[in-house]
């Protein structure tokens with residue numbers, strides 16, 4: 001096993017930091033950013049922070065008209081915000097957006113792969129693929145590979161949203177599509193492990209072009225991601241009490257976007273990559289003896305280079321896409 005060095009930087013920021021705080025002093029004028037899911041929840045806060053710092057932000061959206069309506073509420077920003085159409089659950093759509101970005105030719109400086117689904121009922125898409133793995137991982141895999149030329153031209157920072165959900169499952173190479181029985185939380189865990197491993201391998205492949213990639217756990221935040229969860233289940237998991245009051249460890253959407261924004265712009269990460277971050281810092285490895293092991297740190301399998309390479313090969317096999325082939 002060859003894992004990344006998860007050495008915290010003591011960045012000076014933390015779980016309550018906001019995008020405006022971590023981006024303070026940065027001038028992103030003339031920079032181009034892409035934020036998937038950048039019109040709701042954490043993605044909206046990331047879009048806002050980047051645009052206010054001067055970046056031109058493109059938001060690919062499954063419902064572009066709705067996205068435009070939401071983003072109009074941001075008002076005037078130093079940078080521009082535009083919407084394109086993309087459905088991560090449709091690989092032709094995800095790949096098509098990537099191809100349009102490459103054809104446009106403008107270098108991309110920041111890519112935040114933010115959009116996701118969580119703990120949803122069993123659904124099959126593509127070639128019978130489990131929907132969380134296909135949407136959260138394969139959709140972003142195809143999109144990112146297809147836009148690789150402009151990421152390389154920009155020497156981009158790529159940020160991939162993972163989660164402590166990765167602790168629920170490694171990649172199930174014997175049955176990644178849950179053909180022998182579906183469990184919504186194991187499926188979510190596998191998808192989030194895939195997101196973390198994608199960051200490890202893309203960083204390894206992209207370093208020669210100056211592209212560095214980071215996985216991010218944003219924290220516990222109540223957003224549209226929980227739309228498939230009944231309140232009773234969230235109470236049972238300790239996310240809220242019987243009156244609906246959130247656990248004090250939950251963040252606001254604004255706070256939840258801070259680690260993504262920090263990973264996208266912070267000079268503290270110059271020369272680094274392929275690491276898993278949370279609370280605006282590089283996360284430590286999981287300490288199994290800690291009472292907080294379920295929520296703190298990263299599992300070795302989620303930052304293992306051999307595992308990341310194996311997942312990349314599986315993703316190429318499934319999609320037929322590989323910018324590095």
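The values are calculated or read from the model by the stated rules, or taken from the named source; none is laboratory data. What you are looking at is a predicted structure, and each value in this text was computed from that prediction instead of being measured. Note that we place each Cβ from the backbone using ideal geometry, even for glycine, and neighbour counts take in every protein chain shown.
Listed residues 135, 80, 144; which is surrounded by fewer than 19 Cβ atoms within 10 Å (Cβ to Cβ), within 22 Å of residue 41 (Cβ to Cβ) and in contact with a helix residue (DSSP H, G or I) (Cβ under 9 Å, 6 or more places away or on another chain)? Lay out the reasoning, then the answer.
Details: 135 fails: surrounded by fewer than 19 Cβ atoms within 10 Å (Cβ to Cβ); 144 fails: surrounded by fewer than 19 Cβ atoms within 10 Å (Cβ to Cβ).
Step by step, each of 135, 80, 144 is checked, and only 80 is surrounded by fewer than 19 Cβ atoms within 10 Å (Cβ to Cβ), within 22 Å of residue 41 (Cβ to Cβ) and in contact with a helix residue (DSSP H, G or I) (Cβ under 9 Å, 6 or more places away or on another chain).
Give, as residue ranges, the strands (runs of 3 or more DSSP E) completely inside segment 42-116 that count at least 3 residues that are farther than 22 Å from residue 199 by Cβ. Working first, answer last.
Details: elements: 56-61, 81-85, 110-113.
Here the list reads 81-85.
Just to be sure, is residue 49 in contact with a helix residue (DSSP H, G or I) (Cβ under 9 Å, 6 or more places away or on another chain) and either surrounded by fewer than 22 Cβ atoms within 10 Å (Cβ to Cβ) or closer than 20 Å to residue 264 by Cα (or both)?
On the way: in contact with a helix residue (DSSP H, G or I) (Cβ under 9 Å, 6 or more places away or on another chain): yes; either surrounded by fewer than 22 Cβ atoms within 10 Å (Cβ to Cβ) or closer than 20 Å to residue 264 by Cα (or both): yes.
Considered against the rule, which asks whether it is in contact with a helix residue (DSSP H, G or I) (Cβ under 9 Å, 6 or more places away or on another chain) and either surrounded by fewer than 22 Cβ atoms within 10 Å (Cβ to Cβ) or closer than 20 Å to residue 264 by Cα (or both), residue 49 comes out as yes.
So for segment 156-166 (the condition being free of Cβ contacts under 8 Å to residues at least 60 places away in the same chain and over 18 Å from residue 260 (Cα atoms)), does at least one residue qualify? Full working, then the answer.
Kept after step one, since they are free of Cβ contacts under 8 Å to residues at least 60 places away in the same chain, are these residues of segment 156-166: 156, 158, 160, 163, 165.
Next, only the ones that are over 18 Å from residue 260 (Cα atoms) stay: none.
Within segment 156-166, not a single residue is free of Cβ contacts under 8 Å to residues at least 60 places away in the same chain and over 18 Å from residue 260 (Cα atoms).
Go through segment 9-20 and report how many residues are at negative phi and either at pLDDT below 95 or surrounded by fewer than 14 Cβ atoms within 10 Å (Cβ to Cβ) (or both).
Step one: list which residues in segment 9-20 are at negative phi, which gives 9, 11, 13-20.
So of that shortlist, the ones also either at pLDDT below 95 or surrounded by fewer than 14 Cβ atoms within 10 Å (Cβ to Cβ) (or both) come out as 14-20.
Of the residues in segment 9-20, 7 are at negative phi and either at pLDDT below 95 or surrounded by fewer than 14 Cβ atoms within 10 Å (Cβ to Cβ) (or both).
Going residue by residue through segment 65-75, is there one that turns out to be surrounded by fewer than 21 Cβ atoms within 10 Å (Cβ to Cβ), in contact (Cβ under 8 Å) with a residue 24 or more places away in the chain, closer than 22 Å to residue 27 by Cβ and touching a strand residue (DSSP E or B) at 6+ places or on another chain (Cβ under 7 Å)?
Checked against the condition, which is being surrounded by fewer than 21 Cβ atoms within 10 Å (Cβ to Cβ), in contact (Cβ under 8 Å) with a residue 24 or more places away in the chain, closer than 22 Å to residue 27 by Cβ and touching a strand residue (DSSP E or B) at 6+ places or on another chain (Cβ under 7 Å), segment 65-75 yields at least one hit.
Of (1) surrounded by fewer than 21 Cβ atoms within 10 Å (Cβ to Cβ); (2) under 16 Å from the mean Cα position of the chain (by Cα), residue 127 satisfies all except one. Which?
(2)
Do we have any residue at all in segment 307-318 that's touching a residue at least 60 places away in the same chain (Cβ under 8 Å), touching a helix residue (DSSP H, G or I) at 6+ places or on another chain (Cβ under 6 Å) and either more than 21 Å from residue 158 (Cβ to Cβ) or not in a helix (DSSP H, G or I) (or both)?
no
Filter segment 170-206 down to the residues that are surrounded by fewer than 21 Cβ atoms within 10 Å (Cβ to Cβ) and under 11 Å from residue 302 (Cα atoms) and list them by number.
Within segment 170-206, 170 is the sole residue that qualifies.
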